[in-house]
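The values are calculated or read from the model by the stated rules, or taken from the named source; none is laboratory data. From a predicted model like this one, the values you see are computed outputs, not experimental measurements. Every residue, glycine among them, receives a Cβ derived from its backbone with ideal geometry; neighbour counts consider all protein chains shown. Quick note on the areas: whole protein, heavy atoms, side chains included, nothing else; ligands and nucleic acids left out. Shrake-Rupley method; radii C 1.70, N 1.55, O 1.52, S 1.80 Å.
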Amino acid sequence: MALEFETRFDPAYGEAVEIAPDIQRLTVNNPSAFTFHGTNSYIVGTSSLAIIDPGPEDEAHFQALLKAIGGRPVSHIFVSHTHKDHSPLAARLSRETGALVCAEGPHRAARPLRIGETNPLDASADMDFRPDIALADDELVEGDGWALRAIHTPGHAANHAVFALEGTGVLFSADHVMAWATSIVAPPDGAMSDYMASLDRLLERDDTVFLPGHGSRVRMPQRFMRGLKAHRKMRERAVLDRIERGDRTIAEMVQAIYRDTDPRLHGAAALSVLAHLEDLVARGAVTTENDPSIDAIYFPG
Ligand SMILES: [Zn+2]
């Protein structure tokens, strides 16, 4: 199935945009190769509000959030995961509004660090984040006129969760499913086996629209997620193919598989190949001389 990405998006920095009844989107002015036009914060409710992913430490965005809140009470702040473009403003917004911060938990990696391994992702992680409420899988949080259900969706990050707005068909998919690009799944913080299982988890549901952490809405989420799964399976076959053709390092595989990708993303691509290899080794399809790492030597299993 062809995967069609939606790259049209008007970020309207500084302006809260009404995108559905009782849902406003406010995009942070932090565009990059990884964040697209910037991080989306969402404001849910009319009289008493929930804020989803307040965003990075950014004074202009904080002021824009307060303006959009317009003095209304904020009872809860939901955080999808602890990457620095999503979670750091939660603490300040909580102090300002008295809202409870809800998330799966503090930052953690999907697996322990191996001996001699340094974590290349530490710089992007919000290590200081602590939620007031650690949300269990499937936990429902009820506010004034809205209810949000947390669904654990590890893969992009070990503590990643998405939030379904009960009774509306709307699901806030954060960085797990986005319309503009595939998610980064990078060990040791992320894991491909978790990511694929999390796609299956959302495929069991019948949400009608996803509102992601970057870019515009995902209009046919079931169809799109089936496309995402097929895309990962294609990448997995490409990795196996490169091993069979004699590649023995991730760098060689990235050069071949990501020929047409922006070179600024090749570091992330290398971690994505590592994520596939960890999954393939765990499933017994590939063996390695040592644990999978950026420079382990691989053999078809
Ligand atoms: Zn992220």
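Think of the chain as having a plus end and a minus end, set by charges on the Cβ of Lys, Arg, Asp and Glu; of 269, 102, 127, 269 sits farthest toward the positive end of this dipole.
Structure remark: mean-square fluctuation, Gaussian network model of the chain, C-alpha springs under 10 Å; the largest value among 46, 261, 288 belongs to 261.
Summed over the residues of the chain and divided among them, the accessible surface reaches 43 Å² per residue at a probe radius of 1.4 Å.
Overall, the ratio between the Cα radius of gyration of the stretch 1-93 and 2.2 N^0.38 Å, rounded to two decimals, is 1.08. Charging the Cβ of each Asp and Glu at -1 and of each Lys and Arg at +1, and nothing else, the dipole of the chain about its Cα centre rounds to 580 debye. Within the listed set 246, 213, 45, the residue fluctuating most in the Gaussian network model of the chain (springs between alpha-carbon atoms under 10 angstrom) is 246. DSSP assigns beta bridges within the chain; of those with both partners inside it, close to 70 percent run antiparallel. Estimated from helical segments only, the mean residue ellipticity of the chain at 222 nm is -8500 deg cm²/dmol, where each DSSP H run of four or more residues counts as -39500 (n - 2.57).
For a straight C-alpha distance cut-off of 28 angstrom, the lysines reachable from residue 84 (same-chain residues fewer than eight places away being disregarded) are 67, 229.
How many percent of Cα pairs in the stretch 17-228 exceed 20 Å? Result for the distance tail: 53 percent. As I understand it, the value is the acute angle between the Cα axis of helix 266-282 and the longest principal axis of the Cα atoms of the chain; what does it come to in degrees, rounded to 10? Between the helix axis and the principal axis of the chain, the angle is about 70 degrees. Here is the size of the stretch 231-300 from its Cα atoms: Rg then Dmax, 11.0, 32 Å. Using Cα springs under 10 Å in a Gaussian network model of the chain, which residue among 125, 285, 158 shows the largest mean-square fluctuation? It is 285. Between residue 147 and residue 244, with labels modelled 7 Å along Cα→Cβ, what's the label distance in nm to one decimal, could you check? A separation of 5.1 nm, rounded to one decimal place.
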